[in-house]
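Please read the structure below before turning to the comments.
The values are calculated or read from the model by the stated rules, or taken from the named source; none is laboratory data. Treat the numbers as computed from the prediction; the structure is a model and nothing was measured. Cβ sites come from the backbone with ideal geometry, for glycine too, and all protein chains shown count toward neighbours.
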C-alpha cells in the first residue's frame, strides 16, 4: 500500500557527501488519526549492495570471509567480522555485482547465482537495500586466492567450513553480520533442510 499521499517532503539538506551522503530531511507525516506532524530525519545513503552465499550441497559446506570493519570495532566488536562476499552495486546489476564480489573477495567463479531476497538493512537510518543471492560451488570453481582489492583497503581472509559450524557461529555470536545471518538462515530453511545421513 502506497504511503506517498501521507508524506510531504519540505526540505532536504545535504550535511556530508564523502563516502556516504548524509541528508537531513524535513517532512510532514499524516498520522493514523489524520493529523499532520512535522518531523526531521537523517538519512545515510551510500548506494545499494549485493551479497552472495556460496554453498556446496554435497559436502554441506559454505565459503565465508573475515575482514576488519571500523564501525563494528567502534561499537565494541573487537574481532574480524565474519561475512559473505558483498559489495556496492556502483552501477552494476545486483547479479553482476554478486559475481564480481565472489571472485574478488573469495576467488570463486559463480555459475548461476540465484536471487533470494531484497532487504533494507537498517531502514530507520540507511537507504541501503541489499540484494541477497545464493550459488552452488565446488572445488573446480576456485580460480584465484581472493583477498579483495588492496587499493580499497580490503585485507580479506577466506575460509571454507561445514554449514552446521557456520550456524553454530551464528548461535554463539561469532557471526554478527546481518546479511550473512539472513543468507545462512535461508540456507538452513531451503538449501540444507535435510540433515546429513548418520553413519553406522
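As for the stretch 69-90, it holds no residue that is touching a strand residue (DSSP E or B) at 6+ places or on another chain (Cβ under 8 Å), assigned by TED's automatic domain parsing to the domain that holds residue 185, loosely packed, with under 15 Cβ neighbours inside 10 Å and more than 21 Å from residue 19 (Cα to Cα). Within the stretch 46-56, does at least one residue satisfy the condition of being on the phi > 0 side of the Ramachandran plot and in contact with a strand residue (DSSP E or B) (Cβ under 8 Å, 6 or more places away or on another chain)? Looking for residues that are on the phi > 0 side of the Ramachandran plot and in contact with a strand residue (DSSP E or B) (Cβ under 8 Å, 6 or more places away or on another chain), one finds at least one in the stretch 46-56, hence yes. The single condition among (1) in a helix (DSSP H, G or I); (2) in contact with a strand residue (DSSP E or B) (Cβ under 8 Å, 6 or more places away or on another chain) that residue 145 does not satisfy is (1).
Residues that are within 27 Å of the chain's Cα centre (by Cα) and over 30 Å from residue 152 (Cα atoms) within the stretch 1-43 comprise 1, 2, 3, 25, 41, listed in sequence order. Restricting attention to the stretch 104-112, does a residue exist that is in contact (Cβ under 8 Å) with a residue 60 or more places away in the chain and either over 28 Å from residue 172 (Cα atoms) or touching a strand residue (DSSP E or B) at 6+ places or on another chain (Cβ under 9 Å) (or both)? No, the stretch 104-112 has no match at all. Note on the stretch 67-91: residues that are under 25 Å from residue 114 (Cα atoms) and more than 16 Å from the chain's Cα centre (by Cα) total 1.
From the list 186, 151, the one residue that fits, being touching a strand residue (DSSP E or B) at 6+ places or on another chain (Cβ under 9 Å) and in a helix (DSSP H, G or I), is 186.
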